[in-house]
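A.B. asks: Please find one structure pasted underneath; my questions will follow.
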């Protein structure tokens, strides 16, 4: 006869025991309290402002409920759809390029044998990440300037590619702005992303490389059959996590764009900014709130989609 296991009911923690446990670990709760208060004030209370998306409100008179009027107006605006398309394209291309270059740089760093030199190189490529976008934009505005003081244009003139009277204004041309934007992002963010990939590479068992060397594998075959498979899961995880944030694009685009390139550089968050503070009329906060709400909904859908994708890639482990 097989003995059947009876389920043992979980003991409920009484109120007295719960408070006793909280008192015991009161130090940890006190440390957590400022973070909790900060999250409530700056993350959750502002969500009450969502209701403004369904009202007419300019900050002077009381909000007037208008239903879905702002959403109907938003979907009819050509500038809105242009900004939405720019956000998706710029974010996705930037994500693919920065991830690709981060993997390449990580593989190159991993091949450096001299530990001291390796640390120096890592430090140098990490530094741009800690530079503010305002400073970065100022530096590259000088480097890409269409004058004799612009490093890139001067170099192109010296090698005969450009004429001195026909220099390229990279940050003021719709043809060249995105190219310049991607290059700047690669320079600024690639080094920081290598931290994750370098950690993965450091965790690969060195005995695998030794066994491969004994079997006659060269450097390329070691990378192909050991390094790349070990990195694959990390690459997909980083890509999925960053894909959920493609709608959060503001500072980098805002400091590098100007009126001449708004057709290709204007993204949703800068569109909201211009509609609120630079429209030349009294801003309608209801309309801009509706745009922000739509952007948040799209971001939420992306997070849910990425979470499902992550469960398939990471064997049931999601990102949320």
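The values are calculated or read from the model by the stated rules, or taken from the named source; none is laboratory data. Predicted, not measured: the structure shown is a model, and the values here were computed from it. FYI the Cβ positions are ideal-geometry reconstructions off the backbone, even for glycines, and counts take in every protein chain you see.
A.B. asks: Could you grab me the full set of residues in region 151-162 that are in contact with a helix residue (DSSP H, G or I) (Cβ under 7 Å, 6 or more places away or on another chain) and modelled with pLDDT of 85 or more? Don't jump to the end; show me each part of the working.
C.D. replies: Just the residues of region 151-162 that are in contact with a helix residue (DSSP H, G or I) (Cβ under 7 Å, 6 or more places away or on another chain), to begin with: 151-152, 162.
Those that are in contact with a helix residue (DSSP H, G or I) (Cβ under 7 Å, 6 or more places away or on another chain) and modelled with pLDDT of 85 or more: 151, 152.
A.B. asks: Do we have residue 33 as buried (at least 18 other Cβ atoms within 10 Å of the Cβ), more than 22 Å from the chain's Cα centre (by Cα) and part of a helix (DSSP H, G or I) here?
C.D. replies: Details: buried (at least 18 other Cβ atoms within 10 Å of the Cβ): no; more than 22 Å from the chain's Cα centre (by Cα): yes; part of a helix (DSSP H, G or I): yes.
So residue 33 does not fit the description; no.
A.B. asks: For the structure I just gave you, tell me whether residue 263 is closer than 30 Å to residue 51 by Cα and not in a loop (DSSP other than H, G, I, E, B).
C.D. replies: On the way: closer than 30 Å to residue 51 by Cα: no; not in a loop (DSSP other than H, G, I, E, B): yes.
It is false that residue 263 is closer than 30 Å to residue 51 by Cα and not in a loop (DSSP other than H, G, I, E, B).
A.B. asks: Please determine, by comparing only the residues of region 143-165 that are under 36 Å from the mean Cα position of the chain (by Cα) and in a helix (DSSP H, G or I), which one is surrounded by the most Cβ atoms within 10 Å (Cβ to Cβ).
C.D. replies: In the first step, residues of region 143-165 are kept if they are under 36 Å from the mean Cα position of the chain (by Cα); the result is 143-157, 161-162.
Pick out the ones that are also in a helix (DSSP H, G or I) and you get 143, 151-157.
Values: 143: 17, 151: 12, 152: 18, 153: 23, 154: 17, 155: 11, 156: 15, 157: 17.
Looking at residues that are under 36 Å from the mean Cα position of the chain (by Cα) and in a helix (DSSP H, G or I), I get 153.
A.B. asks: Please state which one of 204, 168 is buried (at least 18 other Cβ atoms within 10 Å of the Cβ), at pLDDT below 90 and farther than 20 Å from residue 90 by Cα. Explain how you work it out, then say what you get.
C.D. replies: On the way: 204 fails: buried (at least 18 other Cβ atoms within 10 Å of the Cβ).
It is 168.
A.B. asks: Where residues in region 179-200 are over 17 Å from the mean Cα position of the chain (by Cα) and surrounded by fewer than 18 Cβ atoms within 10 Å (Cβ to Cβ), which of them is nearest to residue 130 (Cα to Cα)? Write out each step before concluding.
C.D. replies: First, the residues of region 179-200 that are over 17 Å from the mean Cα position of the chain (by Cα): 179-180, 198-200.
Filter again for surrounded by fewer than 18 Cβ atoms within 10 Å (Cβ to Cβ), leaving 179, 199.
Values: 179: 22, 199: 20 Å.
That would be 199.
A.B. asks: Of (1) free of Cβ contacts under 8 Å to residues at least 24 places away in the same chain; (2) in a loop (DSSP other than H, G, I, E, B); (3) buried (at least 20 other Cβ atoms within 10 Å of the Cβ), residue 288 satisfies all except one. Which?
C.D. replies: If we test residue 288 against (1) free of Cβ contacts under 8 Å to residues at least 24 places away in the same chain; (2) in a loop (DSSP other than H, G, I, E, B); (3) buried (at least 20 other Cβ atoms within 10 Å of the Cβ), just (2) comes out false.
A.B. asks: Can you name the residue in region 58-76 that is in a loop (DSSP other than H, G, I, E, B) and either surrounded by 15 or more Cβ atoms within 10 Å (Cβ to Cβ) or touching a residue at least 24 places away in the same chain (Cβ under 8 Å) (or both) and is also farthest from the chain's Cα centre (by Cα) among such residues? Explain how you work it out, then say what you get.
C.D. replies: Restricting attention to region 58-76, the residues satisfying the condition of being in a loop (DSSP other than H, G, I, E, B) are 58-63, 66-68.
Those left that are additionally either surrounded by 15 or more Cβ atoms within 10 Å (Cβ to Cβ) or touching a residue at least 24 places away in the same chain (Cβ under 8 Å) (or both): 58-60, 63, 66.
On the way: 58: 31, 59: 32, 60: 36, 63: 34, 66: 34 Å.
In this case the residue turns out to be 60.
A.B. asks: While we're here: Can you name the condition, by its number, that residue 244 falls short on among (1) crowded, with 17+ Cβ neighbours inside 10 Å; (2) modelled with pLDDT of 85 or more; (3) closer than 30 Å to residue 290 by Cβ?
C.D. replies: So residue 244 meets the others, but not (2).
A.B. asks: Could you tell me which of the residues 293, 231, 297 is modelled with pLDDT of 85 or more, loosely packed, with under 13 Cβ neighbours inside 10 Å and either in contact with a helix residue (DSSP H, G or I) (Cβ under 6 Å, 6 or more places away or on another chain) or in a helix (DSSP H, G or I) (or both)?
C.D. replies: On the way: 293 fails: loosely packed, with under 13 Cβ neighbours inside 10 Å; 231 fails: loosely packed, with under 13 Cβ neighbours inside 10 Å.
On inspection, the qualifying residue turns out to be 297.
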